[in-house]
Structure formats: C-alpha cells, structure tokens
Amino acid sequence: MKSYVFKEINAVTLPDVAVVRHEPMQPGVWDDLARRELGERDRLALGLLVDKLLNYKTVRANEATLWARAIYPLLVLAERDDIRAFSLVTLAATFDDVEIHGEVDGALASSIDEDLSLPFLVVVEAKRGISGTDPMGQLLGAMLCAARLNEQGGKEAHEIYGCYTVADLWTFLRGRFDWSQPKPVMTVLSSREYMERVEAPAILAILESIVAKVGTPPPLT
C-alpha cells in the first residue's frame with residue numbers, strides 16, 4: 001500500500017488518490033456566503049480583533065504567533081452548537097491501496113465531549129521563507145481525508161471546505177465529490193484572497209455560512 005503524508009501530495013502524487021478538477025473562478029459563490037448577517041457580539045469581537053492587526057506587521061511574525069493572534073480567533077467565532085474550532089488536527093484515510101495522512105493546522109468539526117468527530121472545514125497555514133511550499137496539495141489531501149471520514153461516519157460527504165492562510169490572507173476552497181467512480185472525483189472551486197485586517201467581517205460570514213451549510217445534521221428518517 002502506498003502512503004503519503006499531506007506535505008507529499010502534489011500534482012504528481014494526487015492522481016494516485018483521486019481525480020481532481022478545478023472549476024473556473026465564480027466570485028458570486030463566495031459573495032453569497034459573505035452576505036450572511038453577523039450578530040452584535042460577532043461585530044464587537046471582530047472590532048477588537050482587527051484593532052490588534054491594523055498596525056501589526058503580519059508578514060514578519062512567525063506562523064505560531066499569527067495563528068494565535070489572527071487565524072484561530074476567527075475560527076472560534078464561527079463555532080455553532082456542537083461545531084468547534086480545533087488546532088493541530090491529525091487526519092488519516094484510505095483510498096483503495098493508498099493511504100494519506102498528516103496534520104492540519106486547524107479545523108471546524110463536530111465535537112463530542114470536546115473531542116473532534118467529523119471535520120467540515122480544514123485549515124492549512126502556509127509556511128513562509130526558505131521552507132515555504134505551495135499549500136494547495138496539502139490542503140487538497142486534507143480535504144479528501146475529511147470527506148472520506150465524513151462518508152465513513154455516516155454523513156454523506158458531497159461537499160467539504162478548506163482554507164489556506166498566508167500571514168492574514170485567507171483563501172477558501174470548496175470541494176464537491178463523486179464517489180461512484182473507481183477513484184473519487186473531487187471538483188474544486190477556489191475563492192479570491194481575503195485580507196483579515198480589512199475584510200474580517202466577510203471572512204467570518206463565510207466561515208459561519210459554511211458551518212450552517214455543512215454542519216447541519218441530516219434529517220431523521
């Protein structure tokens with residue numbers, strides 16, 4: 001059995017796991033998600049968060065500092081019901097004779113007694129400097145894992161979201177899945193970049209819209 005960690009997944013190794021198709025840009029999809037109305041508590045929390053970022057040189061800070069200061073606080077604000085924000089999430093899944101596994105920087109996922117259950121959005125914080133790599137392959141691998149885990153957990157995984165961050169820039173991905181083929185087919189739609197210090201309300205609205213869409217439990221039969 002082949003085994004890949006997320007950081008090894010790229011244009012060469014990805015076809016061993018799935019067929020990935022990229023859709024043309026569709027700004028309207030993300031604009032619709034960003035129109036979600038935020039509550040008063042959200043707006044107050046965002047104001048405090050953005051005040052700490054406006055005069056902060058995010059490109060000079062290390063990843064751990066940026067995660068604590070800018071990225072994770074927004075994920076926490078998007079929590080709803082039993083959907084919780086998590087850091088340093090380990091995921092693993094098998095696709096026929098290929099296993100993919102690794103750790104993502106964060107996730108929004110259903111929680112059982114504060115333990116992660118099913119992930120709906122996974123987050124990769126891109127490395128910068130001489131060790132920097134393109135985060136796309138790593139994120140796509142993590143989204144495939146999340147979708148497989150949802151499918152195995154009894155929740156039909158037709159749609160999973162991901163996000164990669166660079167400093168305070170967020171880029172979202174939507175993955176839609178067809179499991180009927182010999183290899184899963186993943187159709188990917190990417191957003192534009194959102195800068196947190198000036199577009200925090202839009203980022204939070206997108207996160208909350210994703211939680212509302214994907215985190216809704218299936219109807220009882």
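Working from Cα pairs under 8 Å separated by at least six residues, relative contact order for the stretch 25-149 is 16 percent. DSSP assigns beta bridges within the chain; of those with both partners inside it, close to 75 percent run antiparallel.
Helical content alone sets the calculated 222 nm signal of the chain at -9000 deg cm²/dmol, taking -39,500 (n - 2.57) per DSSP H segment of four or more residues and averaging over every residue. The listed peptides 180-187, 70-77, 53-60, ordered by packing as a protection proxy, come out as 70-77, 180-187, 53-60 (highest mean of other Cβ atoms within 10 Å first).
Need one number: the % of Cα-Cα pairs in the stretch 56-110 sitting beyond the 17 Å mark.
Working: 769 of 1485 pairs.
Tail of the P(r) past 17 Å holds 52 percent of the pairs.
With the convex hull of the Cα atoms taken as the outline of the stretch 1-53, the averaged projected area works out to 7.2 nm². The calculated FRET efficiency for the pair Glu40 and Glu103, based on their C-beta separation and a Förster distance of 41 Å, comes to about 0.70.
Using only the Cα atoms of the stretch 142-191, each taken as one equal point scatterer with no solvent, compute I(q) by the Debye sum, divide by I(0), and report log10 of the ratio at q = 0.17, 0.21 Å⁻¹. For the stretch 142-191 at q = 0.17, 0.21 Å⁻¹, log10 I(q)/I(0) is -0.52, -0.72.
Residue separation times 0.36 nm, minus the C-alpha to C-alpha distance between Ala68 and Gln181: what's the value? Working shown, then result.
Working: separation 113, 0.36 × 113 = 40.68 nm, distance 4.05 nm.
Full-extension gain reported as 36.6 nm.
Here the stretch 85-164 carries DSSP beta bridges of which approximately 80% are antiparallel, counting only pairs with both residues inside. Calculate, in whole percent, how much of the Cα-Cα pair population of the chain lies beyond 27 Å. Counting pairs separated by more than 27 Å, the tail of P(r) holds 30 percent.
For the stretch 18-98, the spread of Cα positions along the three principal axes, ordered from largest to smallest, is 49, 32, 31 Å.
Take the solvent-accessible surface of the protein heavy atoms, probe 1.4 Å, and return the percent of it on the chain that carbon and sulfur atoms account for. Its accessible area is 54 percent carbon and sulfur atoms.
Once the cut-off is 25 Å, how many percent of the Cα-Cα pairs in the stretch 86-182 end up in the long-distance tail? Distances greater than 25 Å cover 17 percent of the Cα pairs. A full extension of the chain between Ser117 and Val59 corresponds to an added length of 17.6 nm, given 0.36 nm per residue minus the alpha carbon distance.
Grab the Cα-Cα distance for Asp82 and Arg21, subtract it from 0.36 nm times how many residues apart they are, and report the gain in nm with one decimal.
Working: separation 61, 0.36 × 61 = 21.96 nm, distance 3.19 nm.
So the extension gain works out to 18.8 nm.
Accessible surface computed residue by residue for the stretch 62-195, with neighbouring protein chains in place and a 1.4 Å probe, gives 40 Å² per residue.
The values are calculated or read from the model by the stated rules, or taken from the named source; none is laboratory data. Quantities reported herein were computed from a predicted structural model and do not represent experimental measurements. Positions of Cβ are generated from backbone atoms using ideal geometry, with glycine treated the same way; all protein chains shown enter the neighbour counts. Note: accessible area is taken over every heavy atom of the protein model, side chains too, but ligands, DNA and RNA are not part of it. Shrake-Rupley method; radii C 1.70, N 1.55, O 1.52, S 1.80 Å.
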